[in-house]
Amino acid sequence: MLLVVGLGNPGEKYASHRHNVGFMAVEALAARARADAFREKFSGVWARATLGDEPGVLLQPMTYMNESGRSVQPALAFFKIAPKELVVIHDELDLPFGDVRLKFGGGHAGHNGLRSIMSHVGTGDFARVRVGVGRPPPGYRGEVADYVLSPFDAVERSRLPDILKLVTDSVLEVATRGFDAAMNVRNSRPKAGKKQAKERSEARTSPEPANAKAAEDKPSVSPGEKREGQ
């Protein structure tokens, strides 16, 4: 059984923010998997779903991003799910907008939601679905925290349905084929000849870092949201 967690912040004022793409993905997955109605528990909302042919649980922590672990840990304990069966969907600054990549284990790279989960669960050995939101564009005035806590622009919003389908495809691939097989399929890119590669490089507006390992390890700034009322 998988526990699939989408990270975000509760409340209407955060609903359309880049930082809430994890919430959006879980909602898309719930609709696609015909999940039960969400109900309150574990300081969040959760629903049962069939992922592939296997039972699963979907969870949206309602603790605010930087305390996500307070919701994830009791859910794992209640359903007797091991951390290796946990899949966390989160926004990723260090991937170009629209890229969806799978990763197992590693650090939190400055993402406060991952930081909290690792602290409460006691390990970073769980699966992540990293949804690229990109870095602020040149000339952006404001902090990176302001950028992720702002809505997608009109062009990005038009692409969101396709991106969320990639995310749900990736989760279902993990459920049906296992993480390693899913990662090999979802993270691979088709090979191209020199001409095609040159054309794709010239057409791409948000190139990936040349050194993928460096991109993995580069700190990703995630704001330390304060809980309202405190």
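The values are calculated or read from the model by the stated rules, or taken from the named source; none is laboratory data. What you see is a predicted model; the values in this text were computed from it and never measured. Positions of Cβ are generated from backbone atoms using ideal geometry, with glycine treated the same way; all protein chains shown enter the neighbour counts. For the accessible areas, the whole protein counts, side chains as well, though only heavy atoms, and no ligand, DNA or RNA atoms are used. Shrake-Rupley method; radii C 1.70, N 1.55, O 1.52, S 1.80 Å.
Each label point was placed 7 Å from the Cα along the Cα-to-Cβ direction; for Lys84 and Arg32 their separation is 2.6 nm. Solvent exposure of the range 1-104 amounts to 38 Å² per residue of accessible area, where only protein heavy atoms count and the probe is 1.4 Å. Here the label points at Asn187 and Arg39, each 7 Å from Cα along the C-beta direction, are separated by 3.7 nm in the simple model. Each of the peptides 118-129, 86-97 was scored by the mean count of other Cβ atoms within 10 Å over its residues; in descending order, highest first, they stand as 86-97, 118-129. Here the mean projected area of the convex hull built on the C-alpha positions of the range 48-178 is 8.4 nm². Surface composition of the range 93-159: carbon plus sulfur atoms hold 52% of the accessible area, using a 1.4 angstrom probe and ignoring ligands, DNA and RNA. Taking every C-alpha pair closer than 8 Å and separated by at least 6 residues, the mean separation divided by the residue count of the range 1-105 gives a relative contact order of 36 percent. Search the structure for amide H atoms under 5 Å from the amide H of Ile89, placed 1.01 Å from N in the peptide plane, and list their residues when 5 or more places away or on another chain. For Ile89, the qualifying residues are Val5, Gly6, Leu7, Val129. Stretching Asp169 away from Glu54 to a fully extended chain increases their span by 39.9 nm, per 0.36 nm per residue minus the current alpha-carbon distance. In this simple spin-label model, placing a label point 7 Å from the Cα along the Cα-to-Cβ direction at both Ala77 and Asp153 gives a separation of 4.5 nm.
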